[in-house]
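The values are calculated or read from the model by the stated rules, or taken from the named source; none is laboratory data. Please read these numbers as outputs of a predicted model, since none were measured by experiment. Positions of Cβ are generated from backbone atoms using ideal geometry, with glycine treated the same way; all protein chains shown enter the neighbour counts. With ligands, DNA and RNA removed, areas are computed over all heavy atoms of the protein, side chains included. Shrake-Rupley method; radii C 1.70, N 1.55, O 1.52, S 1.80 Å.
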Amino acid sequence: MKIDEVLEKIFNMRTIDKRITNESLNQNNEKMKKIYELLGEPCKNKKIVHIAGTNGKGSTATFLEGIFFAAGYSVAKFTSPHILWFNERILLNKEMISDEDVVKYYEVVMEILEKNSLQINFFEITTFMALLYFEAKNPDFIFLETGLGGRYDATNVVNSTIAVITNVSFDHVSLLGNSLEKIADRKAGIIKDGQLCIYAQNLIELENAVKKETDNSVNVLKKYENLQVELDTKNYKTIVKIWESGNLEEFENIEDEKNKHNLGKTFILPLFGKFQANNFLIAYEIAKIYGISDEVIQKGLDEISLDGRFEIFSQNPATILDVAHNDDSVRVLVENLNELFKNNEVIFILSILGTKDIANIFEKILEKNYKIFITSLKDVTYGLSANEIKKNLENANILTNNIIFEDNILDAYNQAKQMVLKKNSQYKSIVVCGSFYEIAKFKKLCGKRDEYFLQ
């Protein structure tokens with residue numbers, strides 16, 4: 001089979017077996033375990049860091065990948081969704097899986113499914129393909145990101161070494177539950193046999209969910225409570241300062257600058273946003289468990305780039321791409337923008353999937369007086385047209401008079417560019433966000449920055 005044929009078949013599996021009830025979730029869990037066993041339990045004895053959380057999973061996995069790779073380990077990473085290429089989901093030593101291996105492991109999984117008359121969905125088959133690939137390549141560490149939730153996620157067939165939960169907030173409530181307690185329970189479901197769990201949030205619902213699963217946990221926000229975070233608004237980086245001994249008052253009372261330097265540690269993150277410090281702390285804690293030095297940690301950070309996380313796509317006009325796609329991540333995005341621009345200087349271009357809490361997301365943006373373009377994601381699962389989003393907003397009694405509804409994202413961007421580049425314009429920045437799919441669509445249409453802006 002050819003890669004195009006395989007990918008078409010995989011993508012057509014997106015809507016197979018939608019599961020919502022507890023009974024159907026448990027049944028699907030048993031099916032996942034059966035398929036895993038039929039495939040020979042790939043990666044059963046590997047060092048796996050399993051990462052769940054509402055936001056920050058991809059950043060955390062990438063921090064870990066960069067740091068451990070810099071330390072000389074062979075590393076594998078499984079994340080989702082992809083931005084441009086399906087192969088981005090499955091990485092070995094920072095290199096995408098080849099088309100040939102995509103075809104190879106697709107055929108292995110499909111042979112098992114067909115022999116046993118089993119059906120699975122897009123994410124599930126991708127997970128099994130990744131595990132088979134990693135088993136064959138035998139990396140030192142695997143950084144494995146969940147899809148939705150954790151307890152009933154396809155990735156939860158593995159026995160991990162460390163469980164990570166970045167944070168918990170409202171997202172996919174129709175699938176994960178309508179309370180933080182329920183969502184936290186789903187995330188904490190990746191913890192097995194009282195294993196070590198590392199998390200980064202002072203939230204009682206998450207703390208309780210973790211305690212139900214293990215007595216061995218570290219909340220890095222409490223362990224490193226003297227953390228200081230600053231934003232480098234010129235270079236779009238984040239500066240993290242950690243004091244591991246003593247408290248902040250002790251540090252500030254030290255007069256000798258050399259002693260101050262020895263007491264504290266400074267790391268420069270290549271991603272912009274104070275919230276990225278939380279994701280980094282998780283990676284830092286795991287790096288220290290394996291004895292990785294501060295110098296190597298920084299080396300690993302220096303070599304990281306991550307699409308769609310406050311990514312500077314263009315300087316003129318200033319264009320920022322961000323995969324913020326739920327209530328909490330949009331709040332964080334707005335906080336970042338507040339460091340750089342006034343409210344009336346920003347133009348938003350976004351679209352949101354139908355599974356999201358559209359009203360809450362838009363309220364956070366509308367209250368800032370940003371100019372807004374709504375575009376369409378009708379061509380992806382759960383995607384909505386601009387007009388469908390308009391109806392959702394009107395049903396929630398949200399005024400839409402100041403919103404421009406334009407299905408074509410490239411037309412919306414060209415209009416926004418004209419507004420920013422107009423002489424004496426109040427606008428200084430364009431932000432494209434709302435979904436991984438929105439960023440992917442934008443990049444496919446616009447190409448690389450240099451290619452697009454030289455036209």
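Using only alpha carbon pairs under 8 Å that are at least six residues apart, calculate the relative contact order of the chain and give it in whole percent.
On the way: 821 pairs, mean separation 67.2, N = 455.
Relative contact order here is 15 percent.
In the neighborhood of Leu399, defined by Cβ-to-Cβ distances under 13 Å, what is the net charge if each Lys or Arg adds +1 and each Asp or Glu adds -1?
Neighbour charge sum, excluding Leu399 itself: -2.
Can you give the direction-averaged projected area of the convex hull of the alpha-carbon atoms in segment 315-375, in nm²? Working shown, then result.
Values: hull surface 16.5 nm².
It is 4.1 nm².
Evaluate 2.2 N^0.38 Å with N set to the residue count of the chain, then give the Cα radius of gyration divided by it.
0.99
Based on the Cα gyration tensor of segment 54-182, what are the three equivalent ellipsoid semi-axes, each the root of five times an eigenvalue, rounded to whole Å and given largest first?
After scaling each eigenvalue by five and taking roots: 24, 21, 13 Å.
If each residue of separation counts as 0.36 nm, what is the full-extension length gain between Asn93 and Glu367 once their alpha-carbon separation is subtracted?
Stretched fully, the Asn93-Glu367 segment lengthens by 94.3 nm.
Not counting ligands, DNA or RNA, and with a 1.4 Å probe, what is Met1's accessible surface area in Å² rounded to the nearest 10?
Surface accessible to solvent at Met1 totals approximately 100 Å².
By accessible area of protein heavy atoms, probe 1.4 Å, what ranking do Lys234, Lys31, Lys222 get, highest first?
The ranking, largest first, comes out as Lys234, Lys222, Lys31.
Just add up the charged neighbours of Glu95: K/R +1, D/E -1, any other residue whose Cβ is under 14 Å from the Cβ of Glu95.
Around Glu95, the surrounding residues sum to -2.
So for segment 256-379: antiparallel DSSP bridges make up what percent, rounded to the nearest 5?
On the way: 4 of 8 bridges.
That works out to approximately 50 percent antiparallel.
Which value, in Å² and to the nearest 10, is the accessible area of His325 when all protein chains are kept and the probe is 1.4 Å?
Its heavy atoms expose roughly 30 Å² to the probe.
Give the calculated FRET efficiency between Ser293 and Ala359 to the nearest 0.05, with a Förster radius of 45 Å applied to their Cβ-Cβ distance.
0.40
Tell me, what HN-Hα J-couplings in whole Hz come from the Karplus equation 6.51 cos²θ - 1.76 cosθ + 1.60 at θ = phi - 60° for each residue of segment 128-135, using x for Gly and Pro?
Per residue, the Karplus-derived 3J(HN,Hα) values read 5, 4, 5, 5, 5, 5, 5, 4 Hz.
How much length would be gained if the chain were fully extended between Asn235 and Gln27, taking 0.36 nm per residue of separation minus their Cα-Cα distance, in nm to one decimal?
69.9 nm
Glu8 to Lys137: FRET efficiency via 1/(1 + (r/R0)^6), r the Cβ-Cβ distance, R0 25 Å, to the nearest 0.05?
Efficiency at R0 = 25 Å is approximately 0.45.
What number comes out for the charge environment of Asn344, summing +1 per Lys or Arg and -1 per Asp or Glu over other residues with Cβ under 11 Å away?
The answer is +3.
List the lysines whose alpha-carbon lies under 16 Å from that of Lys422, not counting same-chain residues fewer than 8 positions away?
Lys371
Compare the peptides 99-108, 69-78 by average per-residue count of other Cβ atoms within 10 angstrom and give them in order, highest first.
Descending mean neighbour count gives 69-78, 99-108.
I'd like the antiparallel share, as a percent to the nearest 5, of DSSP beta bridges with both residues in the chain. Spell out each step's value before the answer.
Values: 20 of 54 bridges.
Roughly 35 percent of the beta bridges in the chain run antiparallel, per DSSP.
Give me the number: length gained by fully extending Glu225 to Glu41, i.e. 0.36 nm times residue separation minus the C-alpha to C-alpha distance, one decimal in nm.
62.3 nm
At 1.4 Å probe size, with the rest of the protein present, what percent of the exposed accessible area of segment 330-455 is carbon and sulfur atoms? Walk me through the numbers on the way to the answer.
Numbers: 2670 of 6160 Å².
The nonpolar share, carbon plus sulfur, comes to 43 percent.
Please state the shape class of segment 375-453: rounded when a/c is under 1.5, otherwise prolate if a/b exceeds b/c and oblate if not, all from the C-alpha gyration tensor.
Oblate, since a/c reaches 1.5 and b/c is not below a/b.
What shape does segment 17-91 take by its C-alpha gyration tensor, where a ≥ b ≥ c are the square roots of the eigenvalues and a/c under 1.5 counts as rounded, a/b above b/c as prolate, and the rest as oblate? Intermediate values should be presented prior to the final figure.
Details: a/c = 2.20, a/b = 1.56, b/c = 1.41.
It is prolate, given that a/c is not under 1.5 and a/b is the larger ratio.
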